[in-house]
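The values are calculated or read from the model by the stated rules, or taken from the named source; none is laboratory data. Quick caveat, the model's predicted, so the values are computed rather than measured. Neighbour counts run over all protein chains shown; Cβ positions are idealised from the backbone, glycine included.
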Amino acid sequence: MYKIVNFSQNLKALVFRKYVLLQLLFCVFSLSLWAQEQPRQDTPVLPTQENDTINIPQADSLQTDTLRVNLPATAQAQGDITTTINYNAKDSILFDAANRIVYLYGNAKIDYGDIKLEAAQITIDWTQSTLTAVGVTDSLGKEIGKPVFTQGAETFVTDNIRYNFKNRKATIRGVVTQQQEAYIHGNVVKKDADNQLYIRGARYTTCNLEHPHFYIEAGKLKMLPKDKIIAGPFHLRIADVPTPFGFLFGMFPVPRKRVSGVLIPTYGEERRRGFFLRDGGYYFAINDNIDLALTGEVYTKGSRGFQIASNYRQRYQYGGNFSLRFNRQNTGSERDDNVTNGFWVNWSHNPENRGRNSRFSASVNFGSTAYTQNNPSITNFERNLNQEFASSINYSNTLPGTPFNISARASMTQNIVDKTATILLPDIGLNMQRQYPFRKLGKTGRSWWEQINFSYTGAATNRITNKFQTPTVSNGIPITNAVARPNSEAIPLNLDNASYLLRNANNGIRHSIPVSTTVNIFKYFALSPSFNYQEVWYFRKLQYSDYDRATGGIRVDTVDGFSRAGSWNLSAGLNTKIYGFFYFNKRNPEPKVQAIRHLMIPSISFGYAPDFGDPRYGVYQNVVIREDEEGNTFSQPLSIYERFAYGAPQSGRQGSIGFSLTNNFEMKVRQRSDTATTYKKVPLLERLSLSTSYNTLADSLKLQPISISGNTSILNNLIMINFGGRLNPYLYRLDSVNRRGDIIQSRVDQFAITNGKGLGTLEQASLGFSTSLSSQGIKGNPNRDAATPASAANANRRGMEEDLADGAPIGEELGQTGLAYRYSDPSQYVDFTLPWSLRLNYTLSYQKMGFLASTITQSANFSGDLKITDNWKIGYSSGYDFRQHEFTATRISIYRDLHCWQMNVNWVPFGRFQSFSLDIRVKASILQDLKLSRRRNFWDN
């Protein structure tokens, strides 16, 4: 009924505008008709523009088929006319001077400013002071030329209009108008002298058919201007069949701006929590920039909760929304352990930077594990499968007149499965743009010394985590004084543990100054030398004690106080491109395969860094880590910044030479054509990369693992293939197995190939296949061409954020945009234009480190939809767990397009989130609460 309020208000404006228009027309035609009584005129003269006069015989048809008359500006003083009035008729214009009636026939039009009136016939009766606009019936008995009244973007279609411009009363029959997504039909509308509207037979719908599939019908409506609408009995009709949904009477406010009011709750039943009332409360329209909604929920078995939600915006500056949800879960049992409290916080803030140097944004999404477990979403299935939620608050500012900019960030990553969280509070950065000290002002230098540049990057962070740290140091050496680890993976995040978490926070400061340049050698080679200095600051350090045979480990203590470590390195890179071609059958001028092209991009890099493990740098401590049965000890340098925020300078001298080679293979194949011979490039291997490095100054283990990666497509881009691996060229040695069964091992300086073990140990390998098929064509990579539900939700979210940033008003427009984001998952909006689609992904990964057990992981998932008829469609998504030999989370969806309605059936047949839902809803977002829903959640089973 809220939309009926909008319709009545617009209808009132329509009648008032027509009244003004008729008063103006009265002045126009009065000048014309009274001129006929002047004795010096034999025929009436219609006022026209200057130097344009048309003589018209009295009560006779025009000599032309079309007449356009413009009222001069001189009439403005007599009729309060603010602009020119233009009117014309395709057939004829008749003036009945005796009866003082003017007739406009055939596509009659009247234009006045942004007001436009069109009808098959318009009659002005000056005796009765009335104006009548009607349509006509053609030879086939079809009514054409119905009166259409337009002002700005608003259009009203009626059967006929009769308006008395003397007493300001009007009668309008058969009104149809569109208000955004809604259509309003009215049988009879009457307006009195006080501008009160009386509507009989009002129908409100979002169906665009002349005879709508459904509508809300009210027999009588009375509208008081700028006050309220009083309605008689109203109810919902579907296919002209009345339903029991309605009420005996209603009174609704009609001001244009938002108003505060009661939010009606939804009702239903859950087997676990009982009958419920949800989302009921009160809405506060505080002002044009902010609103607030307080809602609650209650269940018959004792569960309850509340929600605070608000939207805000400041035009051309910022906009956002905030919500806080809390519930107390109680299944009706008297046991205290069945009562859990849960909460969830969402906050989105988006600025609009228009010439500003600073920017502040926020995206907060966190809460308790109990809330996600007790409040799963049936419509947003992907949210239930998400195990991690990330939040961040960001601020950045560019300092005017300087090359510096600063940034500050607070972030949190939360895992709702193991209940661990990592908090960065704060994370600060100071950056300087790249500077060219030897470049002439305003010119781009080409000499190598003019390309010399430097920059500065500063960072400071404070990392807080509730995850228990592994009670070992490098190579699995046990720590004897480590905190006892309970069965849980995380320390509870509460006030009791706050001091412990803050005391053990991981913080530090890092400075980095890179200097580089670029030199071209022999035209085809690019040499890029660079120097980098880095320094880390900490406010504590570690102190180690030697191996204790009685405890089987070492002791690690924390010493408070400022501590710093600096490091530097030199590097240079040299790269180029090499092309190779292999031609087939040179004697044949048009071979099937013309040539194969091989593109190679070799790169060589050189790097040097001193040994910061030397005792003179004070970064590493030589510690006895093990003792054998004969009393022999084994020492190892350990960093005093082990697991600190920015780590420590690397131990051991670095004199590395890096090698990398990227390959690309393409084949040019002849295309068959009746008119000409063309060739098509076919990728054989899109990318094949190999890389490694060799440390010439290391005492041992000089050769680093060899990395291999690549990708290609086959069958005309039908299947995308990705592969990769890492090969360790050295052997492993088993040192020991501690009391907990942990394997302690190390690499030895012996090549695998010299010991008959092949090229090395394959430590990591992966292989992936993906394809996407649809009726429109083949798409090899679904991530490249097919939008996933998550990307669709993020796109709609960005659209809503842009509306907020652009200063979109809070209320109906923002609400519709929010609903578009709310229902952006595929179970709500389905593309019925595609007959079918299928997406497949398969990944195989292998991992093995020395003597550790190997792990093989396989994952496969598929999704798609099938259009059965023009209005029926089935969607599906699932996967297969090769380790458990069972299907993963599966969803089957059925969609039915009902023109202005849509039916969605979502079924999760098995698994943790087993559920069933049925929704029959109106497509239009303004009537999103007009729906029939059936829910059955996994806790109801």
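Suppose we keep only residues that are in contact (Cβ under 8 Å) with a residue 60 or more places away in the chain and surrounded by 14 or more Cβ atoms within 10 Å (Cβ to Cβ) within region 535-544. Which one would you say is farthest from Arg463 (Cα to Cα)?
First, the residues of region 535-544 that are in contact (Cβ under 8 Å) with a residue 60 or more places away in the chain: 536, 538, 541-544.
Add one more test, that the residue is surrounded by 14 or more Cβ atoms within 10 Å (Cβ to Cβ), and what stays is 536, 538, 541-542, 544.
Values: Val536: 15, Tyr538: 13, Lys541: 16, Leu542: 17, Tyr544: 23 Å.
It comes out as Tyr544.
Being loosely packed, with under 14 Cβ neighbours inside 10 Å and of a type in the set (D, E, K, R) is the filter here, so list the residues in region 747-763 that pass it.
Asp749
Out of the residues in region 277-309 that are among the acidic types (Asp, Glu) and over 23 Å from Arg328 (Cα atoms), which is surrounded by the fewest Cβ atoms within 10 Å (Cβ to Cβ)?
Within region 277-309, the first condition is being among the acidic types (Asp, Glu), and the residues that meet it are 279, 288, 291, 297.
In the following step, the residues that additionally are over 23 Å from Arg328 (Cα atoms) were identified as 288, 291.
Working: Asp288: 13, Asp291: 20.
This residue is Asp288.
Find the residue count for region 106-125, including only residues that are more than 15 Å from Val148 (Cα to Cα) and assigned to a strand (DSSP E or B). Step through it out loud before you land on a result.
Of the residues in region 106-125, the ones more than 15 Å from Val148 (Cα to Cα) are 113, 124-125.
Keeping just the survivors that are assigned to a strand (DSSP E or B) gives 124-125.
Result for region 106-125: 2.
Looking at this structure, is Gly573 under 30 Å from Ala648 (Cα atoms), crowded, with 16+ Cβ neighbours inside 10 Å and touching a Phe, Trp or Tyr at 6+ places or on another chain (Cβ under 6 Å)? Steps first, please.
Details: under 30 Å from Ala648 (Cα atoms): yes; crowded, with 16+ Cβ neighbours inside 10 Å: yes; touching a Phe, Trp or Tyr at 6+ places or on another chain (Cβ under 6 Å): no.
No, not satisfied.
For region 72-100, name all the residues that are surrounded by fewer than 18 Cβ atoms within 10 Å (Cβ to Cβ), of a type in the set (A, V, I, L, M, F, W, C) and at pLDDT 85 or above.
Answer for region 72-100, where residues must be surrounded by fewer than 18 Cβ atoms within 10 Å (Cβ to Cβ), of a type in the set (A, V, I, L, M, F, W, C) and at pLDDT 85 or above: Ala97, Ala98.
Filtering region 817-876 down to residues that are at pLDDT below 85 and touching a helix residue (DSSP H, G or I) at 6+ places or on another chain (Cβ under 7 Å), which residue is farthest from Ile743 (Cα to Cα)?
Once the filter is applied, the top-ranked residue is Thr817.
Criterion first (outside the structural domain of Lys923 (by TED's automatic domain parsing), part of a strand (DSSP E or B) and either aliphatic (A, V, I, L, M) or modelled with pLDDT under 75 (or both)) does Val175 satisfy it?
Working: outside the structural domain of Lys923 (by TED's automatic domain parsing): yes; part of a strand (DSSP E or B): yes; either aliphatic (A, V, I, L, M) or modelled with pLDDT under 75 (or both): yes.
Answer is yes for this residue.
Only one of (1) part of a loop (DSSP other than H, G, I, E, B); (2) surrounded by 14 or more Cβ atoms within 10 Å (Cβ to Cβ); (3) at pLDDT 80 or above fails for Leu209. Which number is that?
Only one criterion is unmet by Leu209, namely (2).
Being without any contact (Cβ under 8 Å) to a residue 40 or more places away in the chain, assigned by TED's automatic domain parsing to the domain that holds Gly106 and crowded, with 18+ Cβ neighbours inside 10 Å narrows it down to one of Tyr204, Tyr215, Tyr198, so name that one.
Tyr215
Filter region 267-310 for residues that are within 28 Å of Phe916 (Cβ to Cβ) and part of a loop (DSSP other than H, G, I, E, B) and give the result.
Scanning region 267-310 gives Arg271, Arg272, Arg273, Thr300, Lys301, Gly302, Ser303.
Let's see how each residue does on (1) modelled with pLDDT of 80 or more; (2) over 18 Å from Ala421 (Cα atoms):
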{"position": "Ser358", "(1), (2)": "yes, yes"}
{"position": "Ser363", "(1), (2)": "yes, no"}
{"position": "Ala370", "(1), (2)": "no, no"}
{"position": "Gln373", "(1), (2)": "no, no"}
{"position": "Phe381", "(1), (2)": "no, yes"}
{"position": "Ala390", "(1), (2)": "yes, no"}
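Can you find a residue that is of a type in the set (Lys, Arg), in the same structural domain as Tyr103 (by TED's automatic domain parsing) and free of Cβ contacts under 8 Å to residues at least 12 places away in the same chain anywhere in region 142-149?
Pass one, region 142-149, residues of a type in the set (Lys, Arg): 142, 146.
Then drop every residue that is not in the same structural domain as Tyr103 (by TED's automatic domain parsing), which leaves 142, 146.
Cutting the leftovers down to free of Cβ contacts under 8 Å to residues at least 12 places away in the same chain gives us 142.
Yes: region 142-149 contains one or more residues that are of a type in the set (Lys, Arg), in the same structural domain as Tyr103 (by TED's automatic domain parsing) and free of Cβ contacts under 8 Å to residues at least 12 places away in the same chain.
Are any of the residues in region 553-575 charged (D, E, K, R), in contact (Cβ under 8 Å) with a residue 40 or more places away in the chain, farther than 19 Å from Ala698 by Cβ and out of contact with any Ser or Thr (no Cβ under 8 Å at 6 or more places or on another chain)? Spell out how you get there, then give the answer.
Of all residues in region 553-575, those charged (D, E, K, R) come to 555, 557, 560, 564.
With the extra rule that they be in contact (Cβ under 8 Å) with a residue 40 or more places away in the chain, the set shrinks to 555, 557.
Narrowing further to those that are farther than 19 Å from Ala698 by Cβ: 555, 557.
Subset that is out of contact with any Ser or Thr (no Cβ under 8 Å at 6 or more places or on another chain): none.
The answer is no; no qualifying residue exists.
Using the structure shown, decide if Ile124 is under 52 Å from the mean Cα position of the chain (by Cα) and either assigned by TED's automatic domain parsing to the domain that holds Ile172 or surrounded by 16 or more Cβ atoms within 10 Å (Cβ to Cβ) (or both).
no
Is there any pair linking a residue in region 506-523 that is of a type in the set (Lys, Arg) to one that is outside any strand (DSSP E or B), with Cβ under 9 Å and at least six apart or on different chains, and which?
Within 9 Å, the pairs are Arg510/Ala645; Arg510/Tyr646.
Whether any residue in region 724-731 is of a type in the set (A, V, I, L, M, F, W, C) and under 29 Å from Asn632 (Cα atoms) is what I want to check. If you could, list the steps in order and put the result at the bottom.
Pass one, region 724-731, residues of a type in the set (A, V, I, L, M, F, W, C): 727, 731.
Filter once more, so that each one left must be under 29 Å from Asn632 (Cα atoms): 731.
Yes, because at least one residue in region 724-731 is of a type in the set (A, V, I, L, M, F, W, C) and under 29 Å from Asn632 (Cα atoms).
Tell me which residues, restricted to region 720-734, are crowded, with 17+ Cβ neighbours inside 10 Å and farther than 13 Å from Leu688 by Cα.
Correct list: Met720, Arg726, Leu727, Asn728, Pro729, Tyr730, Leu731, Tyr732.
When you scan region 336-353, do you find a residue that is within 30 Å of Gly879 (Cα to Cα) and either more than 17 Å from the chain's Cα centre (by Cα) or at pLDDT below 90 (or both), even just one?
So the first thing to find is which residues in region 336-353 are within 30 Å of Gly879 (Cα to Cα), and the list is 344.
Those still in the list that are either more than 17 Å from the chain's Cα centre (by Cα) or at pLDDT below 90 (or both) too: 344.
Yes, region 336-353 contains a residue that is within 30 Å of Gly879 (Cα to Cα) and either more than 17 Å from the chain's Cα centre (by Cα) or at pLDDT below 90 (or both).
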